[in-house]
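Throughout, read-outs are computed from the coordinates displayed, never taken from laboratory work. Since we're looking at a predicted model, the values are computed, not measured. When we count neighbours, we look across all protein chains shown, and the Cβ atoms used for this are built from the backbone with ideal geometry, even at glycine.
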Amino acid sequence: MRLTEIAQTWIAEVLEEGDIAVDATLGNGFDALFLAQRIGENGHLFGFDVQAQAISSSHDLLKSEPCQQSLLHIGHEQMKEYIPSSYHQNIKAIMFNLGWLPNSDKSIITTPETTLSALSQSLELLAPNGRLSVMVYPGHHGGDDESKQVMHWLEQTCSNRQDLTYNAVILPNRPTAPILLQVNKSNCRELP
Ligand SMILES: C[S@@+](CC[C@H](N)C(=O)[O-])C[C@H]1O[C@@H](n2cnc3c(N)ncnc32)[C@H](O)[C@@H]1O
């Protein structure tokens, strides 16, 4: 199974009809389509991307999906501002797939500073029992530093909080392969 499929299968364990979900890096819209199909007509999907092409491809892919859709041509580092406050702490699943848009301009990539800001906001937005998945690419130009920073930040953040558990799915014997990071939020509160 590909790591992107493992990410979706893991998210699907908690995502239900009528839930609110976020695709933080729309790209070609494949994760967004998966989220839309799970949440159905009563769900609300938010999607973010900095490239017009990604918004357009995602619109095309999702046009038959009945859920409410807010596909925003905005960086994910602004997600808290654009997701209504009534949804904060009610979002069941947030997916990130970092790096560049396949078959596109490889100079437009996610960057550590904006990614860490968006991840921090995601942890605030996530519902108790919600899940956050992050695909990082240590083998890509620019992805090595970002992967290290993201993994370090998640390890630190999750070790300081009782309500978060963190797991990394690493393919054996492939040091430059993508890595799937999984964060699970429980009902417990932050450590004092
Ligand atoms: C690997 S692709 C995402 C693939 C996508 N999840 C899919 O299923 O097709 C990464 C995407 O992140 C986008 N991106 C880069 N910086 C971003 C930012 N600050 N906010 C949101 N998206 C960003 C890129 O434009 C690119 O489309």
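Computed values, structure above
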{"read-out": "Estimated D of segment 1-87 in µm² per second, where Rh is the Kirkwood radius over Cα pairs and Stokes-Einstein applies at 37 °C, 0.692 mPa s", "value": "254"}
{"read-out": "Sum of side-chain charges, I94 neighbourhood, beta-carbon under 12 Å (Lys, Arg +1; Asp, Glu -1)", "value": "0"}
{"read-out": "Residue among I11, I74, I170 with the largest mean-square fluctuation in a Gaussian network model of the chain, springs linking Cα atoms under 10 Å", "value": "I170"}
{"read-out": "Exposed-site-free run, longest, the chain (rule: GluC sites (Glu not before Pro); DSSP loop; at most 14 other C-beta within 10 Å)", "value": "42-189"}
{"read-out": "Cα-based Rg / Dmax (Å) for the chain", "value": "15.5, 47"}
{"read-out": "Debye log10 I(q)/I(0) at q = 0.16 Å⁻¹ for segment 59-169, Cα point scatterers", "value": "-0.84"}
{"read-out": "Local electrostatic count, I11, Cβ distance below 13 Å [Lys/Arg +1, Asp/Glu -1]", "value": "-2"}
{"read-out": "Length-normalised contact order for the chain - Cα pairs under 8 Å, 6+ apart - percent", "value": "19"}
